[in-house]
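Reviewing the structure listed below.
The values are calculated or read from the model by the stated rules, or taken from the named source; none is laboratory data. Note that the structure is predicted; figures quoted are calculated from it, not measured. Cβ placement follows ideal geometry from the backbone for every residue including glycine, while neighbour counts extend to all protein chains displayed.
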């Protein structure tokens, strides 16, 4: 409660009984002076009084008639004859736009027994009178809007449309006269209010109590307040409740009134003033004899012989009083209701009080309401975070301490007082609740700040030069984001640790020192690695993974380090090679995924440096990497192919020196031979010098074939390996009919028949070669190589095949010759035909393209005989007729 009005006695101990009162104008005086007594104004008591300013009359109800008096002389102008038997009237004036012209429309409604008489004026001109039947005697009424009347009967209310005479019930009545759905709704609302009030007063106002008279008072914005027993509810012109809940008075009101912005009621022994919005009791004034009141700004109360006036305190004063009493909700409601003109800087005042209210709610442990209000006010996140204990706000408290050190003692005293005032003691459960609310606040602020950063960056990009204001603004935003994200991290850690990873894996601005301390304390190594990675602190992340790889959890083993290194890329090659060493020593099979995983960044790494690195660590790992980039990635770099061959040879030599290395040697040699045979990118000359003299004959033969030394290669197959089949297969692979000087079959025959060191010729494999491939060898050369002791019958298969192949070649040559001759004859015949063609150009010959005579100009002839000017030939061809 607060003091909204001051009470002053205006008149006391009048000699006559006060029957009705009315106040009008801008009277600021508290005391009154009796200027004149009109004893002839009315023969009987004046039951009701009002004015119609636009018409210049004072309206009175007396002796069952409504009378119109001159507003200045109070002389009777007319007595409205149609109002005979009247018991109540209601006046309404408003400016309306009719035919684009503003007019003051005034209506006077008079309740006369069971009918309603409505008089209308436009400006000062009387328009018409309407009469409407009503079901019962009206005890109270007020205008709602411009065309509707709210009527109060003994136990019910209704809305009457003064244009259609339709009557709509507002409550479920005791009689069947007025029934409707709207009435049921309002009846339910009133019943709820009555029940609550009955419970609050210990049942004194429950069922069986004497029902109060119907009460209606007009509110702004075409709204009225209805009373039923000890409750009041507001409705609009549609008959529907305007507010979710009504007003509960301490007892049944005898009169209802409104003085901006409060509802006022005369109760049995006091006057109650309540906030129309919050329904809270604002002020209670002991006034046991009051029975009449006025409406509007000039709020007067009267007993039978006394009059009091309630003068409102200034709204500034009321707001300040409410704030001092920490009744912030009432202060906010008051500011929202009053016209901003009546309160200077109302928006700033409202925001300031809302901010104080939000702090008050927080201190009262109403965290959800407090944070919602902070969110509405767009309060800086720092201010909200500081309300929390150090477990959440330590990063801001540390900053404040640093700032306090740089200030003088006198400047720091208010800060210390402020911090002490903000200190809030919370239980563990309350802290969890408060932090859960904080998460929603921070998440909202985070999104908003990020949007604002994008807008500033967009504006910055729009400038052709670097604007310093943009950089400063961005700096402030990023600093705020650091505060928000750090607090959000701590909140997640307290309420739901599973959300920590999701925050740290995306772009975040968490404070480095705070994040490290917190995550290490809670052994959140994987989350800390994600945080380091997001910040580009790769060395810190890799050092952490190495230090905890033996501890149980998500970072156990070498796989997390492998995965991390796979994602770095060529820019961090030195770091990759540095931290790959310990995992290659510990688990080479898993560690090699750093370099041989096709789906990672390994394909972008510089291969030469990796090869040199692996060569120093392990020959086998180097071979594995070379096989991967050559066989799977299709790398054709000659140096890498050479290195792989040399590495295979090194493996062979190493395994030969071991006791149980025969199987490994066989496997390596198989891969080496296949590679030498299939690859075309290694340099055979460079590798030949690395081959051992007394082994690797087959490998040497392949290398010799690559440099064209077929005779030496065949010598190895025949004399070193004694493998005639391989020698013949070698010839099948390397034979080229177009190069008789390098006839490998003839070279193999020489190897058989001209062995080195005067060895005996190998006649049998030579004859077998001639039997199978004699057609590819010149017979004369064969006869020169064969030893004189060779029998003719041994050469019969060779000569038969040779002669047959020779005849076949001769016949093929004759066929080709005849075909070429026939083709020549055809060409000669065609040439003769074209040379014999003629066209005749006469004086009448016209060009079909330009329709002009061809005459002596240069012309062109198309294949179908059409003749055109030479200059027209391209246009004719473009038309698609000839090509």
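Observations on the model:
- Residue that is surrounded by the fewest Cβ atoms within 10 Å (Cβ to Cβ), among those in region 157-176 that are more than 20 Å from residue 107 (Cα to Cα) and at pLDDT 90 or above: 168
- Residues satisfying the stated conditions in region 71-90, i.e. surrounded by fewer than 19 Cβ atoms within 10 Å (Cβ to Cβ) and part of a strand (DSSP E or B): 76, 77, 78, 79, 87
- Test: residue in region 331-342 that is surrounded by 19 or more Cβ atoms within 10 Å (Cβ to Cβ), under 34 Å from the mean Cα position of the chain (by Cα), closer than 30 Å to residue 298 by Cα and at pLDDT below 90: yes
- Answer residue from region 229-246, given it is crowded, with 19+ Cβ neighbours inside 10 Å and free of Cβ contacts under 8 Å to residues at least 40 places away in the same chain and is farthest from residue 5 (Cα to Cα) among those: 229
- Per-region count, region 521-552, residues more than 33 Å from the chain's Cα centre (by Cα) and part of a loop (DSSP other than H, G, I, E, B): 5
- Scope region 714-763; condition within 21 Å of residue 693 (Cβ to Cβ) and outside any helix (DSSP H, G or I); matching residues: 721, 722, 723, 755, 759
- Among residues of region 678-705, those that are free of Cβ contacts under 8 Å to residues at least 24 places away in the same chain and surrounded by 19 or more Cβ atoms within 10 Å (Cβ to Cβ), counted: 2
- Count of region 33-56 residues, restricted to those that are free of Cβ contacts under 8 Å to residues at least 60 places away in the same chain and part of a loop (DSSP other than H, G, I, E, B), is 14.
- Residue in region 814-821 that is over 30 Å from residue 775 (Cα atoms), free of Cβ contacts under 8 Å to residues at least 24 places away in the same chain and over 60 Å from the mean Cα position of the chain (by Cα) present: no
- When residues of region 51-70 are limited to those that are more than 20 Å from residue 127 (Cα to Cα) and surrounded by fewer than 17 Cβ atoms within 10 Å (Cβ to Cβ), the one nearest to the chain's Cα centre (by Cα): 64
- Qualifying residue in region 249-260 (condition: part of a loop (DSSP other than H, G, I, E, B), in contact (Cβ under 8 Å) with a residue 24 or more places away in the chain and in contact with a helix residue (DSSP H, G or I) (Cβ under 6 Å, 6 or more places away or on another chain)): no
- Total residues in region 547-575, condition buried (at least 19 other Cβ atoms within 10 Å of the Cβ) and farther than 19 Å from residue 526 by Cα: 1
- Helices (runs of 4 or more DSSP H) completely within region 366-474 that count 1 or more residues being at pLDDT 65 or above and surrounded by 10 or more Cβ atoms within 10 Å (Cβ to Cβ): 367-377, 381-385, 390-405, 428-462
- Candidates in region 261-274 are the residues that are in a strand (DSSP E or B) and farther than 12 Å from residue 337 by Cβ; of these, the one that is nearest to the chain's Cα centre (by Cα) is 274.
- When the residues of region 489-511 are filtered to those that are in a helix (DSSP H, G or I) and without any contact (Cβ under 8 Å) to a residue 24 or more places away in the chain, the one that is nearest to residue 535 (Cα to Cα) is 503.
- Test result for residue 757, in the same structural domain as residue 806 (by TED's automatic domain parsing) and out of contact with any helix residue (DSSP H, G or I) (no Cβ under 7 Å at 6 or more places or on another chain): yes
- Of the criteria (1) surrounded by 18 or more Cβ atoms within 10 Å (Cβ to Cβ); (2) within 60 Å of the chain's Cα centre (by Cα); (3) over 20 Å from residue 141 (Cα atoms), which one residue 98 fails: (1)
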